[in-house]
C-alpha cells in the first residue's frame, strides 16, 4: 500500500472496546487494510513509536506528543501489514520514551495483564502485549531494544518475537538505541505469527530442519529456581523436535558483565539520539526512568570502548555456537511478572537481572522467540528460542510444530 493510498478517515467497523488501558486515547486511529492478502480480516495494534501519516506519534510521553508535529509518512512495517489485508485499530501505549521493562507509565497508567492479574504487563511494548493477551486484537506491532517485546510476551503469556536486528524495517519509526532497536510482533496463534513473518521479514523460506537444541545452563542458573525447574522440563520435552540436545555454558564469569556492557552501549546511544530534546525540554519522567536518563548523560568514551569489546566477543561466541541451524533455549525472564506494588528499587534489581538474559540477542543481533509454556505461582513464564542471524523463519516454523506445548491453560 503506497503512502498516498492510505485512507484519511477512520473506519467505524474497526471500533474496539478497550477495558484494559492498552490503547492511546490521545491518538485514536483506525485504518482499513487491503481487501485481500495473507492477513486479510485480521486487526492489529501499533506501538506508539511507529508513525501513521496524519497522526502524532506520542512515544509514551505527553511532552513528546506536544512538541512534535503529525507524521508525514506511515512506517514501512505498517504499510506492509495493511497491504497484506490487516487493519489498524489503534495506537498502543508504551513506557515513557520506551525506557523501561515494566509497562508502568507515569502519565498514561499501566495496561492490565489479564493473564497475571495484579501484576505488571511488562514494557515497553505494554499496550501491544496487553491488547493481544486480552483478545482486543489478533496481533500487535511492538519494538525491542533491551527486551521490550520478549518481557511483556513472557509476563502476559503470549507469543512474541524479536527478529534478527535489521530484518524488519524501522523506516518511519522513532529511534532509541539504533544498534539494538528491532521491530517485532505479538500474537496468541503460532500460525498467525508465522504469517506475519512472511509479510514483514525479507525471505519467506525457512532454512530447513532445526539442528541441535542447546540448553544454556548459565541462563537457567540465572533465574528463580521454580522458573528454572518449570522451563527445564519443557526444554527436555521439546528436544524431540531437534536432531539432538546438549547443555552449553556461556561464560564462567556469569551474565552480569554482558549485562553491564549492554547497558553502557544502549545508554550511550540513547543519549546521542535524544540528548538535544532532553536538554532542551527538560521533561519529567517516572521513577526508575528518571534516574536512567540522568545516568546515560554520564557515560564516558572509555566505558563505551570497553563495552564494545565485550559486545564483539559475545557476538563471536554465538556466531560459532549457533551453526548448522542450532537453536538455543533459555528462560525469557528470571521469573513471572512482578506484582503491581513492587517497589522501584526491587524493580530496578529485577530489571538488571532480566537484562543478563535479554542482552544475549541484543549484543549478537539474534532472533529470539518467547513461547508461553508454563506457569509459576499461577503466572505465565516464557521459554525463549534463539537462532543464528537470519534464521527467523526457522523459529516461527518451530513455534507451529511445538504448538501442543504452549501454555497449558
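The values are calculated or read from the model by the stated rules, or taken from the named source; none is laboratory data. This one's a predicted model, so the numbers in the text were calculated from it and none came from an experiment. Here Cβ is always computed from backbone atoms with ideal geometry, including for glycine, and neighbour counts include all displayed protein chains.
Given (1) part of a helix (DSSP H, G or I); (2) touching a strand residue (DSSP E or B) at 6+ places or on another chain (Cβ under 6 Å); (3) surrounded by fewer than 21 Cβ atoms within 10 Å (Cβ to Cβ); (4) at pLDDT 95 or above, identify the lone condition not met by residue 273.
(2)
Is at least one residue of the range 131-140 under 17 Å from the mean Cα position of the chain (by Cα) and surrounded by fewer than 24 Cβ atoms within 10 Å (Cβ to Cβ)?
Yes, because at least one residue in the range 131-140 is under 17 Å from the mean Cα position of the chain (by Cα) and surrounded by fewer than 24 Cβ atoms within 10 Å (Cβ to Cβ).
How many residues are in contact with a strand residue (DSSP E or B) (Cβ under 9 Å, 6 or more places away or on another chain) and assigned to a loop (DSSP other than H, G, I, E, B) if we restrict to the range 35-70?
12
Being in contact with a helix residue (DSSP H, G or I) (Cβ under 6 Å, 6 or more places away or on another chain) and either more than 29 Å from residue 174 (Cβ to Cβ) or in contact (Cβ under 8 Å) with a residue 40 or more places away in the chain (or both) narrows it down to one of 207, 223, so name that one.
207
Consider residue 143 carefully, then state whether it is in contact (Cβ under 8 Å) with a residue 60 or more places away in the chain, in a loop (DSSP other than H, G, I, E, B) and within 12 Å of the chain's Cα centre (by Cα).
Numbers: in contact (Cβ under 8 Å) with a residue 60 or more places away in the chain: yes; in a loop (DSSP other than H, G, I, E, B): no; within 12 Å of the chain's Cα centre (by Cα): yes.
No; evaluated as a whole, the condition is false for this residue.
Let me confirm something: among 229, 217, which residue is surrounded by fewer than 20 Cβ atoms within 10 Å (Cβ to Cβ), touching a strand residue (DSSP E or B) at 6+ places or on another chain (Cβ under 7 Å) and free of Cβ contacts under 8 Å to residues at least 40 places away in the same chain?
Just one listed residue meets the conditions, 217.
All but one of (1) under 21 Å from residue 159 (Cα atoms); (2) touching a residue at least 12 places away in the same chain (Cβ under 8 Å) hold for residue 68; state the number of the condition that does not hold.
The number of the failed condition is (1).
Taking the condition surrounded by 13 or more Cβ atoms within 10 Å (Cβ to Cβ), modelled with pLDDT of 95 or more and closer than 11 Å to residue 99 by Cβ, does residue 262 pass?
Details: surrounded by 13 or more Cβ atoms within 10 Å (Cβ to Cβ): yes; modelled with pLDDT of 95 or more: yes; closer than 11 Å to residue 99 by Cβ: no.
The answer is no for residue 262.
Being part of a strand (DSSP E or B) and touching a helix residue (DSSP H, G or I) at 6+ places or on another chain (Cβ under 7 Å), is that true of even one residue in the range 95-112?
yes
On the given criteria, is residue 67 over 15 Å from residue 171 (Cβ atoms), buried (at least 19 other Cβ atoms within 10 Å of the Cβ), touching a helix residue (DSSP H, G or I) at 6+ places or on another chain (Cβ under 9 Å) and at pLDDT 95 or above?
no
When residues of the range 40-54 are filtered for being free of Cβ contacts under 8 Å to residues at least 60 places away in the same chain and either closer than 20 Å to residue 137 by Cα or crowded, with 18+ Cβ neighbours inside 10 Å (or both), how many remain? Full working, then the answer.
Within the range 40-54, the first condition is being free of Cβ contacts under 8 Å to residues at least 60 places away in the same chain, and the residues that meet it are 40-41, 52-54.
Adding the requirement that they be either closer than 20 Å to residue 137 by Cα or crowded, with 18+ Cβ neighbours inside 10 Å (or both) leaves 40-41, 52-53.
Adding up the residues that qualify gives 4.
How many of the residues making up the range 281-293 are assigned to a helix (DSSP H, G or I) and farther than 25 Å from residue 340 by Cβ?
Residues meeting the conditions: 1.
Failed condition for residue 278, given (1) out of contact with any helix residue (DSSP H, G or I) (no Cβ under 7 Å at 6 or more places or on another chain); (2) surrounded by 14 or more Cβ atoms within 10 Å (Cβ to Cβ); (3) modelled with pLDDT of 95 or more, with all others met?
(1)
Could you give me the residue pairs with C-beta distances under 7 Å whose first residue belongs to the range 256-284 and is on the phi > 0 side of the Ramachandran plot, whose second residue is modelled with pLDDT of 95 or more wherever it lies, and which are 6+ apart or on separate chains?
From the range 256-284, no pairs qualify.
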